[in-house]
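Take a look at the structure below.
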Amino acid sequence: GLLRLHLISITSAEAAQAMTQAVFIAQGRMAETSARGYPERGTKTGRVERNGQHFAWRVEVTDARAQNTRGLSLKGLRQVRAFVTWQHGGGQKNVQMTTYVADSRIHER
């Protein structure tokens, strides 16, 4: 019983570590994209290895769209979405984060 509990504890710790690394990767990619100012539309992808775990990432930049904006203009606003995937326990896991970046010249228009 104790051995089984120990194995479950190790598996849970590995899953938590992988999830934490995926969140850090997604945050880093979003920060990198936002740091350049108003990002260009498009998609970038890559792979990274952390602590023996392999992660695939994708960042998508699109014009922001919203429902029920009641005439509010979203020109000058971009949606940045970061996706990170990895394999764990025979299945694929993923993390997704979204933020919005405004054109700093939005008030000049």
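The values are calculated or read from the model by the stated rules, or taken from the named source; none is laboratory data. None of the values given here were measured: they were computed from a predicted structure. We place every Cβ from the backbone using ideal geometry, glycine too, and count neighbours over all the protein chains shown. We work out accessible area using only protein heavy atoms, side chains counted, and drop any ligands, DNA or RNA first. Shrake-Rupley method; radii C 1.70, N 1.55, O 1.52, S 1.80 Å.
Give the number of residues within the stretch 53-62 that are farther than 14 Å from ARG81 by Cβ and surrounded by 14 or more Cβ atoms within 10 Å (Cβ to Cβ).
Residues flagged as farther than 14 Å from ARG81 by Cβ and surrounded by 14 or more Cβ atoms within 10 Å (Cβ to Cβ) within the stretch 53-62 amount to 3.
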Quiz prompt | Residues of the stretch 1-37 satisfying the condition of being open to solvent by 60 Å² or more (accessible area, probe 1.4 Å) and outside any helix (DSSP H, G or I) | solution = GLY1, ARG36
Quiz prompt | Enumeration of residues in the stretch 86-96 that are surrounded by fewer than 17 Cβ atoms within 10 Å (Cβ to Cβ) and part of a strand (DSSP E or B) | solution = GLN87, HIS88, GLY91, GLN92, LYS93, ASN94, GLN96
Exercise. List every residue pair whose Cβ atoms sit under 8 Å apart, with the two residues 6 or more apart in sequence or on different chains, where the first one lies in the stretch 80-92 and is at positive phi and the second, anywhere, is aliphatic (A, V, I, L, M) and at pLDDT below 95.
Key: GLY89/ALA15
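Within the bounds of the stretch 6-18, is there any residue that is within 11 Å of the chain's Cα centre (by Cα) and free of Cβ contacts under 8 Å to residues at least 60 places away in the same chain?
No, every residue in the stretch 6-18 fails to be within 11 Å of the chain's Cα centre (by Cα) and free of Cβ contacts under 8 Å to residues at least 60 places away in the same chain.
One residue is enough: does the stretch 8-26 have a residue meeting the conditions out of contact with any Asp or Glu (no Cβ under 9 Å at 6 or more places or on another chain), closer than 15 Å to VAL61 by Cβ and not aromatic (Phe, Trp, Tyr)?
First pass over the stretch 8-26, keeping only residues out of contact with any Asp or Glu (no Cβ under 9 Å at 6 or more places or on another chain): 8-26.
Adding the requirement that they be closer than 15 Å to VAL61 by Cβ leaves 26.
Then keep just the ones that are not aromatic (Phe, Trp, Tyr); that gives 26.
Looking through the stretch 8-26, at least one residue is out of contact with any Asp or Glu (no Cβ under 9 Å at 6 or more places or on another chain), closer than 15 Å to VAL61 by Cβ and not aromatic (Phe, Trp, Tyr).
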Quiz item: Got a number for residues in the stretch 38-52 being surrounded by 11 or more Cβ atoms within 10 Å (Cβ to Cβ) and charged (D, E, K, R)?
Solution: 2
